[in-house]
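Below: the structure, in structure tokens.
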Amino acid sequence: MSICLENLAIRKASGETLFSSLNMCVEKGDILCLMGPSGCGKSTLLDAVAGHLSDEFRYSGTITLDGVALDNMPAHKRDVGILFQDDLLFPHLSVWENLAFALPDAIKGAERKERAMQALKNIALTALADSFPDQISGGQRARISLTRMLLAKPKVALLDEPFSKLDKDLRTQFRDWVVEQLKDANIPALMVTHDMADIPPGSQRLTWPWNAAQEEHVYA
């Protein structure tokens, strides 16, 4: 399983180029961190991979997941999981209902709650099952948000500044936990950040301006 970008270029509809001829490939179990200042195109790149690119932008090149081209595939069929800096949990659903919502449609009835409760047990948050998102801490919401994403069984994970709203101590702890969960899921991951402290030990890094020398390292 790998996510590969070949000769990818993203431009604004006005003609301004964010970047061009980007090549990179991330294998299962690996994390590639995209670093750069605000506005350089990091989050826009994730939007292109996920199929959520706005009409303000155009891209050329090829995005493949496990050898299958995603370019003309609708977002809901891409098997891409996304974790944002905001947890985006549904406020009107309890914690277990938020998790159950992410499960594949093939899982029916009571089994959905059973799976959700097992997931909460795995992250030691069973006591929060009937709580609502506004009743729990930011760190707890962050863990539930990642768990919800992984319950959907994505083939690739995209993380957009996922640690930026957490305090320093919790940030390091949550980062290490996220890396562990992604390794266990054994899927490739792309993470956007502008903070060196967010880069997990041993992960790859691509720093703006992205260039051929860095791309060779990413493929290595």
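The numbers here are math on the coordinates, done by the rules we state, and not lab data. These figures come from a predicted structure and were not determined experimentally. Positions of Cβ are generated from backbone atoms using ideal geometry, with glycine treated the same way; all protein chains shown enter the neighbour counts.
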- Which of A127, G15, V156, positive extreme of dipole for the chain (C-beta unit charges): A127
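Could you tell me what % of all Cα pairs in region 55-146 have separations over 19 Å? Mind showing how you got there, number by number?
Working: 2194 of 4186 pairs.
Considering region 55-146, 52 percent of its Cα-Cα pairs are separated by more than 19 Å.
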- Item | Within straight-line cross-link reach of K113, lysines at Cα separation under 17 Å, skipping those fewer than 8 residues along the same chain | K121, K153
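Normalised by the empirical 2.2 N^0.38 Å for globular proteins, what value does the Cα Rg of region 77-194 take? Spell out each step's value before the answer.
Details: Rg = 13.6 Å, N = 118, 2.2 N^0.38 = 13.5 Å.
Dividing the Cα Rg of region 77-194 by 2.2 N^0.38 Å gives 1.01.
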- So what is Rg over Rh here for region 93-152, counting just Cα atoms and using Kirkwood for Rh? 0.93
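Which value, in debye to the nearest 20, gives the size of the charge dipole of region 93-152 about its Cα centre, when Lys and Arg are +1 and Asp and Glu are -1 at the Cβ? Each step should come with its number before you reach the end.
Values: 8 positive and 6 negative charges, 31 e Å.
Dipole of region 93-152, to the nearest 20 debye: 140 debye.
Starting from the Kirkwood radius over alpha-carbon pairs of the chain, derive D by Stokes-Einstein at 10 °C in a medium of 1.306 mPa s and give it in µm² s⁻¹.
Numbers: Rh = 18.1 Å.
Value of D from the Cα-based Kirkwood radius: 88 µm²/s.
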- Message: Output the 0 to 90 degree angle, nearest 10, between the alpha-carbon long axis of helix 138-151 and the longest principal axis computed from the alpha carbons of the chain.
- Response: 80
- Query: Quick one, what does Rg over Rh come out to for region 1-81 if you take C-alpha atoms and the Kirkwood Rh?
  - Reply: 0.94
